[in-house]
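Reading through the structure tokens given below for one structure.
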Amino acid sequence: MGHKVVVFDISVVRALWETRVKKHKAWQKKEAERLEKSALEKIKEEWNFVAECRRKGIPQAEYCKNGFVDTSVRLLERIERRSLAAQSALSKERDKRSSEFVFELSGDHWKEFPDSLKEQTHLKEWHISNTLIQIIPKYIELFQAMRILDLPKNQISRLPAEIGCLKNLKELNVSFNRLKSIPPELGDCENLEKLDCSGNLELTELPFELSNLKQVSFVDISANKFASVPICVLRMSNLQWLDISNNNLNDLPQDIDRLEGLQTFLLYKNKLTYLPYALLNLKKLTLLVVSGDHLVELPTALCDSSTPLKFVSLKDNPLENTQCQDGDEMMESERDRQHFDKEFMKAYIEDLKERGSLSHSQKVSYM
């Protein structure tokens, strides 16, 4: 009996395998799309973010919300870019200016001012940072041409009353020092436009005499212990930016609408449980941040498209009825944390503004 020989039509075999290959490729494409939309990419992104935090030495806890990692890496990158850009811009700006009018001092080997400084009364700017200097000398009154006093991150414990003699002073930055009070004589600096007292941690009040500062448009008193908005601030008729975040505010004054020109109002990390309706009378207010407070209610009209507000951030508040939708050693470490918080919030605001430039719709954030 002979062997049986099975003969296949090669075209049939080829067609069969081509069909299987097509089905396999279609399955691979569909699986790739499914994985792309799955949580795997989110997990990968979160791990990359954790690695980025570790690489930059930034506490991961700063970015944890409700047990999940905030993967807004662009905010971390923005903080880094801001620091580099600020240093570069400051360097270029100082190159343009004549050094004979600018005094600079930096480094923790400085504990007092050099004796030669008192002879340079023609100076217009002091830029002093990251030193161990505790006292500003009384002879500062001789510097009648002074325009800018930039004194952040030192150990300054008090400002002399003689600072009130600087009639041409426009900017005063005494942030992240050890101040517990501000001299009332500062109210005599009638041309002051910018005041930054943030990060001193112990300031509880500003003297009423500062009400005379009618040219001030920027006030930052964040990261202190203010229990209320200072009365003098409410009388700064030209104020456009007010940062009183990281304080002990329980409420806002009912006459907050005296600040008719206010455009940016930062209130995050206080103890506010409600927002007064007077806020609705601030016709130029475009940015309001009340994140991390204790809000349980707010004027629903804040979400009305007819208001000038473009950005309202209410995240990390225990709001019950939300009617809007998306549209020392220890003290030193506390100062560092507060400084980081401020940098992060600045980056957050810039990010909001950039995204807002793409759309005219109102954006209210609860996340």
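With R₀ fixed at 25 Å, the C-beta to C-beta distance from Lys283 to Thr204 puts the FRET efficiency at about 0.20. Dividing the Cα radius of gyration of the stretch 100-317 by its Kirkwood radius returns 1.02 for Rg/Rh. Over 24 Å apart at the Cα level, from the set Lys111/Lys167; Lys153/Lys283; Lys194/Lys284, are Lys111/Lys167; Lys153/Lys283. One chain, two ends: Lys180 and Glu104. Fully extended at 0.36 nm per residue, the span grows by 24.9 nm beyond their Cα-Cα distance.
Note on Asp255 and Gln28: the model spin-label points, each 7 Å out from Cα along the C-beta direction, lie 7.5 nm apart. Computed on the stretch 100-317, with alpha-carbon pairs under 8 angstrom and 6+ residues apart, the relative contact order is 10 percent.
Evaluating 6.51 cos²θ - 1.76 cosθ + 1.60 at θ = phi - 60° for every residue in the stretch 103-118, the Karplus couplings come out as 10, 10, 8, 7, x, 7, 7, 8, 10, 7, 6, x, 4, 5, 4, 5 Hz, glycine and proline recorded as x.
Any read-out appearing in this document is the output of simple, stated calculations on the displayed coordinates, not a laboratory observation. Not measured: the values here are computed from a predicted model. Note: ideal-geometry Cβ built from the backbone for every residue, glycine included; neighbour counts use all protein chains shown.
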